[in-house]
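Heads up, the thing below is written out as structure tokens.
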Amino acid sequence: MTESISMQLGGFLSIYILLLLITGIFTYCKIPQTKFLILGTLQMTVQLIIAGYVLLYIFENPSPLFILASLSLMIGFAVYRTLRKNPWLNPKFRWITALSVIGTCVAITLFMLLCVIRKDILTPQYVIPISGMLVSATMNGATLALKAFKENLDSHRQQIEVLLNIGAPPAKILHPFITKSLETAFLPTMNSMVGMGIIALPGMMTGQILAGALPNEAVLYQITIMVANCTTVCLSSFCLLYFGARTLWNERNQL
């Protein structure tokens with residue numbers, strides 16, 4: 001039950017045989033994504049191998065400097081990707097988005113470490129994996145929220161202009177779009193929660209079981225991570241939408 005799995009190199013390399021199946025389907029369906037698939041897989045492999053050795057070094061040399069550098073890199077990349085996917089944001093909206101992502105990730109990570117699992121905040125074995133999962137969820141949620149918000153504004157442009165012309169306040173006009181965008185951002189996380197334990201075992205729980213942890217112990221960690229993920233997605237998306245939307249009109253209530 002508690003024996004961990006040690007993967008052999010030959011077994012690991014055999015997984016790439018499955019790429020031939022995907023390539024065959026792409027070729028049959030004339031989907032021009034074979035090159036992207038191969039390059040993406042190679043990039044993922046190289047990045048994860050490098051990350052594995054970097055984390056191994058940090059775990060063996062638990063310096064606060066290394067831990068802070070790793071966290072800064074993860075959060076900085078998440079902010080960069082979120083802003084890059086939404087070039088339409090004005091400068092103030094960009095700052096609000098960045099602060100929402102950073103503040104939420106740091107706050108929920110500290111809460112998880114200090115109040116939930118009660119470990120030292122500078123223990124790399126805990127802080128890096130937990131923060132990584134939270135940062136990833138926050139980045140995806142924020143990107144999806146902003147994308148949905150922009151699409152809602154574009155599709156209802158005439159309606160917004162009519163409401164402005166009759167004197168409706170911008171905050172009241174944009175509130176339904178904020179609510180709808182927040183719901184859109186939260187939906188994937190909610191769907192994954194509903195299917196866990198019935199459709200599939202989630203990644204963190206599976207990894208712990210493969211590493212030798214008892215299933216009932218792995219369940220507790222997975223539940224806490226999912227609740228934390230939901231919180232980061234909801235809180236960051238709400239903050240960037242609610243406060244960011246206020247940068248879209250001036251003191252004369254003009255969008």
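Can you say whether residue 208 is modelled with pLDDT of 75 or more, over 20 Å from the mean Cα position of the chain (by Cα) and in a helix (DSSP H, G or I), as far as the supplied structure shows? So residue 208 does not fit the description; no. Checked against (1) at pLDDT below 80; (2) touching a helix residue (DSSP H, G or I) at 6+ places or on another chain (Cβ under 6 Å); (3) surrounded by fewer than 14 Cβ atoms within 10 Å (Cβ to Cβ), residue 62 passes all but condition (3).
Return the only residue of 21, 48, 83, 39 being at pLDDT 85 or above and under 19 Å from the mean Cα position of the chain (by Cα). Spell out the reasoning first.
On the way: 21 fails: under 19 Å from the mean Cα position of the chain (by Cα); 48 fails: at pLDDT 85 or above; 39 fails: under 19 Å from the mean Cα position of the chain (by Cα).
83 is the lone residue from the list that is at pLDDT 85 or above and under 19 Å from the mean Cα position of the chain (by Cα).
Where helices (runs of 4 or more DSSP H) fall entirely within region 74-168, those with at least 2 residues that are basic (Lys, Arg) are at 91-111, 124-155. When region 97-131 is limited to residues that are out of contact with any Ser or Thr (no Cβ under 9 Å at 6 or more places or on another chain) and not hydrophobic (A, V, I, L, M, F, W, C), the one that is surrounded by the fewest Cβ atoms within 10 Å (Cβ to Cβ) turns out to be 118. For the criterion of being modelled with pLDDT under 65 and exposed (fewer than 14 other Cβ atoms within 10 Å of the Cβ), residue 166 fails.
Residues that are loosely packed, with under 14 Cβ neighbours inside 10 Å and at pLDDT below 65 were ranked within region 211-254; the one that is farthest from residue 82 (Cα to Cα) is 212. Being surrounded by fewer than 19 Cβ atoms within 10 Å (Cβ to Cβ), among the hydrophobic types (A, V, I, L, M, F, W, C) and in contact with a Leu (Cβ under 8 Å, 6 or more places away or on another chain) is the filter here; which residues of region 65-88 pass it? Answer for region 65-88, where residues must be surrounded by fewer than 19 Cβ atoms within 10 Å (Cβ to Cβ), among the hydrophobic types (A, V, I, L, M, F, W, C) and in contact with a Leu (Cβ under 8 Å, 6 or more places away or on another chain): just 67.
The values are calculated or read from the model by the stated rules, or taken from the named source; none is laboratory data. Since this is a predicted model, take the numbers as computed values, not measurements. Please note: Cβ atoms are built from the backbone with ideal geometry, for glycine as well, and neighbour counts cover all protein chains shown.
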